[in-house]
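Structure, as structure tokens:
Each reported figure results from applying straightforward, stated rules to the coordinates on display, with no laboratory input. Since the model is a prediction, treat every value here as computed from it, not as a measurement. Heads up, the Cβs are rebuilt from the backbone with ideal geometry, glycines too, and the neighbour counts pull from every protein chain shown.
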Ligand SMILES: [Zn+2]
């Protein structure tokens, strides 16, 4: 059995990473740029995290896919780099699960068949993600993750990871 591998987004660093856990950790230079100002886990980053630049091919594929799914506008350059890195790692060494609680990131990952960790880091603990889907227009809550637009008033629905 190969040890688990993870692609970490910046929230994983802010929340605290399972320092004692086994496994391989990957991230991109853009994530490192974001977290270095916060001085989090610097020794962990130096000793345990492989920082890699994603290939231009995967970066382009992520952008093309996100444009098709309508998620491109919601993705930061950092999000795109993480997805591209996870795409590069797919198939190599059993791949790496992407850790992110961002809905657009998870959506694009699913389309590209990138393995997703079912959990996100919150307050230093692994938590299952549940989605809160609601309408900013009329305030109605929904549970169907496939809904994009509010059936009542037609407003684009907002998704938030909730770990309550
Ligand atoms: Zn509505």
Residues 111, 31, sorted so that the one with the fewest Cβ neighbours within 10 Å comes first: 111, 31
If the chain between residue 146 and residue 61 were fully stretched, how many nm would it gain, using 0.36 nm times the residue separation less the Cα-Cα distance? 28.3 nm
Just want the ordering: 59, 69, 28, 47, from fewest to most Cβ atoms lying within 10 Å of their own Cβ. 47, 69, 59, 28
Backbone N within segment 72-87 under 17 Å of label point (7 Å from residue 37 Cα along the Cβ vector): 76-79
